[in-house]
Amino acid sequence: MICFDFKGFYGVDSCCGLDLIQIEGFTLVVCTHLNENRGSSVTGFCDQLIKIIAEKFSLDLDRVIMMEMLPEDHRFPQNVWNLKTEENFCLVTFERKSDDPSALRNPFWTPISPEIAEKLILGDNPFGDNIADKKVIR
């Protein structure tokens, strides 16, 4: 995992953990929330973040699967009660805007089990022939 720096909302310095994993012709993009991030969150900025990552690494969004990972004990800066989180994994998909194909909208998070997440991170395909259904653009 690398620490990926990006400009979030209002140009604020932000970062997330980033892994790019090849799985049967698709690129799994794993974005991990980091405690040191004081800018835009992966969740809040996901529609822009996936486009920034795709551009930086020359990825075709039609061949990308996005996974958002919230590590155990992650603490959001806005969390005034300093509550701890449990480990959480979701696949994230978007719709394209019909009037602007480069714009993504309506993010949808599909929770997946730690076992499925581990298989994906190891480069395995737990979805078989249905892997194309998990790509970023739905």
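Among the residues making up region 98-138, those that are among the hydroxyl-bearing types (Ser, Thr, Tyr) and touching a residue at least 12 places away in the same chain (Cβ under 8 Å) are SER102, THR110, SER113. Within region 104-138, the set of residues being farther than 19 Å from VAL42 by Cβ, among the hydrophobic types (A, V, I, L, M, F, W, C) and surrounded by 11 or more Cβ atoms within 10 Å (Cβ to Cβ) comprises PHE127, ILE131, ALA132. Is at least one residue of region 85-107 touching a strand residue (DSSP E or B) at 6+ places or on another chain (Cβ under 6 Å), of a type in the set (Val, Ile, Thr), assigned to a loop (DSSP other than H, G, I, E, B) and more than 14 Å from ILE50 (Cβ to Cβ)? Among the residues of region 85-107, at least one is touching a strand residue (DSSP E or B) at 6+ places or on another chain (Cβ under 6 Å), of a type in the set (Val, Ile, Thr), assigned to a loop (DSSP other than H, G, I, E, B) and more than 14 Å from ILE50 (Cβ to Cβ), which makes the answer yes. Across region 1-58, the qualifying residues are those that are on the phi > 0 side of the Ramachandran plot and in contact with a helix residue (DSSP H, G or I) (Cβ under 7 Å, 6 or more places away or on another chain), and the one among them that is surrounded by the most Cβ atoms within 10 Å (Cβ to Cβ) is GLU24.
A quick yes/no check of all residues on (1) within 21 Å of ASP133 (Cβ to Cβ); (2) in contact with a Leu (Cβ under 6 Å, 6 or more places away or on another chain); (3) modelled with pLDDT under 95; (4) not polar (S, T, N, Q):
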position: LYS7; (1), (2), (3), (4): no, no, no, yes
position: ASP13; (1), (2), (3), (4): no, no, no, yes
position: GLN22; (1), (2), (3), (4): yes, no, no, no
position: VAL30; (1), (2), (3), (4): yes, no, no, yes
position: MET66; (1), (2), (3), (4): yes, no, no, yes
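The values are calculated or read from the model by the stated rules, or taken from the named source; none is laboratory data. On a predicted model such as this, the values are computed, not experimentally measured, just so you know. Don't worry about glycine lacking a Cβ; one is built from the backbone with ideal geometry, like all the others, and counts go over all protein chains shown.
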